[in-house]
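The values are calculated or read from the model by the stated rules, or taken from the named source; none is laboratory data. These figures come from a predicted structure and were not determined experimentally. Here the Cβ positions follow ideal geometry from the backbone for every residue, glycine too, while neighbour counts run over all protein chains shown.
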Amino acid sequence: MTDAVCFWAVIPAAGTGTRMQTDLPKQYLSINGRRVIEYSLDAFCTHPLIAGVIVALAAGDKLWEGLTLAKHPKIKTTPGGKERCHSVLNCLHALSSMAGAEDWVLVHDAARPCINREDIDRMIATLRDHPVGGLLALPVRDTMKRADTGQDSGQHVSETVNRQGLWHALTPQMFRLGRLTLALEQAIRQGELVTDESQALELAGFKPRLVEGRAENIKITRPSDLKLAELYLA
């Protein structure tokens, strides 16, 4: 790696967040007077190593322009896609006009407002010389149960799963721009709607590194998550 290699952030923010039972997409809900996405954006806009941030927005998004950070000089936007992987790929294509194939890209969920500088620093320090890249994650500590797939699906236990070696995948996930773009394009061509970037690299035959993160780095998916994030951010 040379000093010319840069670090960029990509934030897919085109989701609707239907499980939140609210009219607002989850990234635009408020925590302590700020939108969820503002916390996520701020972590990267204020980081000295992040050269720029690409955000994927849903068509007809009327809330973005009202954000204080919408005009930040580090931020550029691009249209989102049908699924998360399409939005991320759109961001990577937009980024390719200003970044090199060997530049690092940190992909982060818009609805993870509790990411902090310490986790970003640890990820960059651990992965900047890694041949593949990797992701923040947490070792599974609870007993894991698999639900049945028959009648009343999801309501009964079919088996207890051995938790040894299992991790919860978090974001950011950090990979080279060129390699991640090719991996996502290949996965989508094959009909694989990957749910995170690591999965795309795995399908391409690579083994991303797991970097232990903080338990506070939660994703807002249900109403109760807002209260928990409020406590962490306070």
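Just a few scattered comments:
- Among the candidates Gly178, Gly191, Gly205, the residue that is of a type outside the set (S, T, N, Q), loosely packed, with under 15 Cβ neighbours inside 10 Å, closer than 15 Å to Gly133 by Cβ and modelled with pLDDT of 95 or more is uniquely Gly205.
- Residue within region 78-100 that is among the charged types (D, E, K, R), within 19 Å of Leu193 (Cα to Cα) and surrounded by 18 or more Cβ atoms within 10 Å (Cβ to Cβ) present: yes
- Hey, Gly17 at positive phi, at pLDDT below 95, surrounded by fewer than 18 Cβ atoms within 10 Å (Cβ to Cβ) and not aromatic (Phe, Trp, Tyr) or not: no
- In region 165-175, residue nearest to Leu95 (Cα to Cα) [restricted to those that are crowded, with 19+ Cβ neighbours inside 10 Å and not aliphatic (A, V, I, L, M)]: Phe175
- Considering region 104-129, the residues that are crowded, with 23+ Cβ neighbours inside 10 Å and among the charged types (D, E, K, R) include one that is nearest to Ser198 (Cα to Cα), namely Asp109.
- Tabulated pairs, region 178-197, first without any contact (Cβ under 8 Å) to a residue 40 or more places away in the chain, second surrounded by fewer than 19 Cβ atoms within 10 Å (Cβ to Cβ) and outside any helix (DSSP H, G or I), C-beta under 7 angstrom, 6+ apart or interchain: Ala183/Ala204; Gln186/Ala204
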